[in-house]
Amino acid sequence: MSVLDLARPDIRALAPYSSARMEAQGGTVLLNANESSRPANIPGGDGLNRYPDPQPRALVETLAELYGCDAGRVLVTRGSDEAIDLLVRAFCRAGQDAVAISPPTFGMYAVCARIQGAAVIESPLDASGALDVAKLTAGVTPAVKIVFVCTPNNPTGNLVGMDVLAYLAHELAGRALLVVDEAYAEFSGAASAVSLIDEHENVAVLRTLSKAWSLAGARVGALVAHSEVIGLLRRIIPPYPLPSPCVEAALGALSYEGRRVQRHHLNEILTERARMFAELPHVPGVREVLPSHANFLAVRFDDAAGTYRRLLAAGVVVRDITKYPGLGDALRITIGTGNENDRVLAVLRAGAGA
Ligand code: PMP
């Protein structure tokens, strides 16, 4: 059995759109894509009159090197949000198939599923906040085509061990695709599930330059998966997903100098995370700080709503995560610069009377 047997038959049979840039490369007089031959008269406009490469070779190869896989296993996407959407659309038939998730977790898995008309099977994290593997696998009915596991998990920050992921990959073989979302992996130092793909063709890994690489505004994400899965998604991805300036930004961030700066920023975040994790529990009104392997902390408060409002009034915007199961008293606070984190602590310490 091939992992593609899990995909929608109509998508497998689809004749994909063939863009001008795909059909012919090279040449100097480009009159095949109805572009303007004249660049726009704006700063940085050079080259923007042309459609970008659908999957720029240099970026694909750089990401493959970064994530430790063959270039044929990388699809660059408009943020990893787009990869989630493409996966759900390629594997789930509307009104028939489903995805499985373990709430509280990143909201886009369920949103993309619902947009596609796929059901969402929920197997909540256990009382300690860990993945409940038995419950999750028991929930994988024949309708489930994708199981999403987020590690480190947003919004709790907990990590799922490689042994658990390998077990899940094995359990789900021939039944469902295991999509491991590693958006925050750089903050954890843990090994990547990319290494599982050799042995388990049903594993796919989501990565992004939005977090540890400081490029949320450029919208560059990647899916690392078996080349057959990549080939399938290339059939449905819009023709030119990556704006040229964003590709340039990504290559800059991943250059030798870009990596040096990134390591510096990453270390700063890890140091600040440790400081906030140590200091927050001593702040009045804080009930608990969940240990986090990501660039945020989920913090339980005596009065989460009041704390949210007080921070906002002081100009500090955090994420209200009280709607998530098991987190009814929690806010998610991204680790900022030292000064930004000091500001959070100062507002919290000033208390309700401030
Ligand atoms: N996965 C997780 C777990 C996230 O938290 C996010 C963004 N908040 C994404 C994926 C999407 O990231 P992007 O589209 O910016 O790559």
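The values are calculated or read from the model by the stated rules, or taken from the named source; none is laboratory data. Since this is a predicted model, take the numbers as computed values, not measurements. Quick reminder, even Gly has a Cβ in these numbers, built from the backbone with ideal geometry, and neighbours come from all protein chains shown. Ligands, DNA and RNA are stripped out before the accessible areas are found, and what is left, the full protein with its side chains, is counted by its heavy atoms. Shrake-Rupley method; radii C 1.70, N 1.55, O 1.52, S 1.80 Å.
Evaluating 6.51 cos²θ - 1.76 cosθ + 1.60 at θ = phi - 60° for every residue in the stretch 94-101, the Karplus couplings come out as 4, x, 10, 9, 8, 10, 10, 9 Hz, glycine and proline recorded as x.
If R0 is 30 Å, the Cβ-Cβ spacing of Asn339 and Glu257 corresponds to a FRET efficiency of close to 0.75. DSSP beta bridges fully contained in the stretch 120-238 are about 35 percent antiparallel. For the stretch 153-265, the relative contact order comes to 19 percent (Cα pairs under 8 Å, sequence separation of at least 6). Simple spin-label estimate for Leu48 and Arg309 gives 4.4 nm between the two label positions (7 Å along the Cα-to-Cβ direction from each Cα).
When the trypsin sites (Lys or Arg not before Pro) in the stretch 254-341 are filtered for DSSP coil states and for at most 15 other beta-carbon atoms within 10 Å of their beta-carbon, the remaining sites are Lys323. For the chain, a Gaussian network of Cα nodes joined below 10 Å ranks Ala71, Ala94, Ala20 by mean-square fluctuation, and the top entry is Ala20. Residues considered: Leu48, Leu136, Leu178. Largest GNM mean-square fluctuation over the chain, using C-alpha springs under 10 Å, is found at Leu48.
Between Met22 and Ser214, the contour length at 0.36 nm per residue exceeds the alpha carbon distance by 66.1 nm.
Rounded to the nearest whole Hz, the Karplus-based 3J(HN,Hα) values (6.51 cos²θ - 1.76 cosθ + 1.60, θ = phi - 60°) of the stretch 230-242 follow the sequence 4, x, 5, 5, 5, 6, 10, 5, x, x, 10, x, 10, with x at glycine and proline.
Share of the stretch 258-353's accessible area from carbon and sulfur, percent, 1.4 Å? Of all accessible area on the stretch 258-353, carbon and sulfur atoms account for 53 percent. Counted residue by residue at 0.36 nm each, then reduced by the alpha carbon distance between them, the extension gain from Ala15 to Ser227 reaches 74.5 nm. In percent, rounded to a whole number, the relative contact order of the chain is 17, using alpha-carbon pairs under 8 Å and six or more apart.
Label-to-label distance, Leu30 versus Ala350, with points set 7 angstrom from Cα along the beta-carbon direction: 5.3 nm. Springs between Cα atoms under 10 Å define the GNM used for the chain, and in it the highest mean-square fluctuation of Leu177, Leu215, Leu297 occurs at Leu215. Measuring nothing but how far apart in sequence close Cα pairs (under 8 Å, 6+ apart) lie, relative to its length, the stretch 300-354 scores a relative contact order of 36 percent. One decimal place: the segment Ser37-Asp302 gains 89.2 nm when fully extended, by the rule 0.36 nm per residue minus the C-alpha distance. Per residue, the solvent-accessible area of the chain (1.4 Å probe, heavy atoms of protein chains only, all protein chains present) comes to 45 Å².
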